[in-house]
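The values are calculated or read from the model by the stated rules, or taken from the named source; none is laboratory data. A quick note: this is a predicted structure, and the numbers were derived from the prediction, not measured. Just the protein is used for accessible areas: all its heavy atoms, side chains included, with ligands, DNA and RNA removed. Shrake-Rupley method; radii C 1.70, N 1.55, O 1.52, S 1.80 Å.
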Amino acid sequence: MKESLALSFPCDILPLNRIVMIFTVYLDESGNQDDPKTQDFVFAGYVARNDQWASFEIEWKIALTKFGIPFFHMSDFAAKQSYYRQWTNAEREA
């Protein structure tokens, strides 16, 4: 395994001096995919250790269950569509 990782990253740094890191990340993009002329595009994400993700995922699932939604989608939330159509302002603020 160590040899295959060293061969996977060819560079001038000696294999013994290389560091390989594996990250768990959650990413999302935003932009107008329906209009090829649109130049605006945003890509955002969060990086954390595995123990931090495990803790976050537990809290996130509790929040989703509390609000009775299977996932959170900001564009639907902002437009008051889909699961968020009937939400009151108080529910939206919470």
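Of the residues ALA54, ALA48, which is modelled with pLDDT of 85 or more, within 24 Å of the chain's Cα centre (by Cα) and of a type outside the set (Asp, Glu)? Answer to the selection: ALA54. When restricted to residues that are in a loop (DSSP other than H, G, I, E, B) and either among the basic types (Lys, Arg) or open to solvent by 80 Å² or more (accessible area, probe 1.4 Å) (or both), region 71-94 contains 8.
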